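**Student:** Encoded as structure tokens, here's the structure I'll be asking about.
Rule-based calculations on the coordinates, nothing more; no lab input. Bear in mind the structure is a predicted one, so any value in this text is a computation, not a measurement. Reconstructed Cβ throughout: ideal geometry from the backbone, glycine too, with neighbour counts over all protein chains shown.
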């Protein structure tokens, strides 16, 4: 069965059963864009779990292709970033060739948004700790960016959504200021609920904030040939730069 909506249908594969991300995205998407979500069930947020996660995406990608979505977005930065930038690019190309539908991952989306904003260097913040942050940094270095730091916040993976946006603001602001000047602040992961402090961070730090849900909305518009700026969530959505 093919599903339609007047501006387009986006098939999403969500890596977790975590609430929040879909609601926040729907609020900032233009009218007439439909989301068709399917879910995996990543729970622990460990490197081993993420390394096993890329393969289970494909059956869900295939279902969304069968539904004739206009674009497919396998979400979740870690499962694909751990493949490396070239490995992720090759997998996207393989799936696009196999299913005949344009696709983008979280990582490729973040790279595209940074390039559209002319970002050359950034400080990253995540809700992970340990060596996985080095893997995230390596992914972006392979994509050509100067990663000044990838700072983790120590919080249980299941509890990320319970963090106050103001706690996250304090963490990422301190992380940014610990490093030499960068072109942008990057927030990895859709689990933390921080939409309401994006503009405050941009105003206080004087740089754009690259946030997963905002970049997702921006690329969905670009993919569907829509251009409807959104105020209140940072420069990327208010300026809607072409890439």
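**Student:** For the residue pair residue 120 and residue 138, what label-to-label distance in nm results when each label sits 7 Å from Cα along the Cα-to-beta-carbon direction?
**Tutor:** Each label point lies 7 Å from its Cα, and together they span 2.6 nm.
**Student:** In nm, to one decimal, how far is the modelled label at residue 94 from the one at residue 41, with both set 7 Å along Cα→Cβ?
**Tutor:** With each label placed 7 Å out from Cα toward Cβ, I get 2.6 nm.
**Student:** Could you compute the FRET efficiency for residue 86 and residue 48, with r as their C-beta to C-beta distance and R0 at 25 Å, rounded to 0.05? Display every interim value, and only then the final one.
**Tutor:** Details: r = 22 Å, r/R0 = 0.88.
Result of the calculation: an efficiency of 0.70.
**Student:** Along Cα→Cβ, 7 Å out, is where each label goes; now give me the distance between the ones at residue 164 and residue 146 in nm to one decimal.
**Tutor:** 3.6 nm
**Student:** Which angle between 0 and 90 degrees, to the nearest 10, do you get for helix 85-99 versus the longest principal axis of the chain when only C-alpha atoms count?
**Tutor:** The answer is roughly 20 degrees.
**Student:** Order these peptides, 95-108, 160-173, by their mean beta-carbon neighbour count within 10 angstrom, highest first.
**Tutor:** Numbers: 95-108: 18.1, 160-173: 16.6.
Top of the packing list down: 95-108, 160-173.
**Student:** Treating the angle as unsigned and between 0 and 90°, give the value, to the nearest 10°, between the Cα long axis of helix 132-142 and the longest Cα principal axis of the chain.
**Tutor:** Tilt of helix 132-142: around 80 degrees.
**Student:** Moving to a separate point now. Rounded to the nearest 0.05, what FRET efficiency do residue 4 and residue 177 give with R0 = 41 Å and r taken as the Cβ-Cβ distance? Could you check?
**Tutor:** Computed FRET efficiency for residue 4 and residue 177: 0.30.
**Student:** At a Förster distance of 30 Å, what's the computed FRET efficiency of residue 154 paired with residue 200, Cβ-Cβ distance as r, to 0.05?
**Tutor:** Approximately 0.80, to the nearest 0.05.
**Student:** Here's something else I'd like to know. Whole-Å semi-axes of the chain's equivalent ellipsoid, largest first, each the root of 5 times a Cα gyration tensor eigenvalue?
**Tutor:** 26, 21, 17
**Student:** Just order 226-238, 63-75 by mean Cβ neighbour count inside 10 Å, highest at the front, would you?
**Tutor:** The peptides rank, most packed first, as 63-75, 226-238.
**Student:** How far is helix 165-177 tilted off the main Cα axis of the chain, in degrees rounded to 10, range 0 to 90?
**Tutor:** Orientation of helix 165-177: about 60 degrees from the principal axis.
**Student:** What is the ratio of the Cα radius of gyration of segment 79-222 to 2.2 N^0.38 Å, with N the residue count, to two decimals?
**Tutor:** Dividing the Cα radius of gyration by 2.2 N^0.38 Å gives 1.03.
**Student:** At 1.567 mPa s and 4 °C, plugging the Kirkwood radius over alpha-carbon pairs of segment 166-243 into Stokes-Einstein gives what diffusion coefficient in µm²/s?
**Tutor:** Translational diffusion coefficient: 99 µm²/s.
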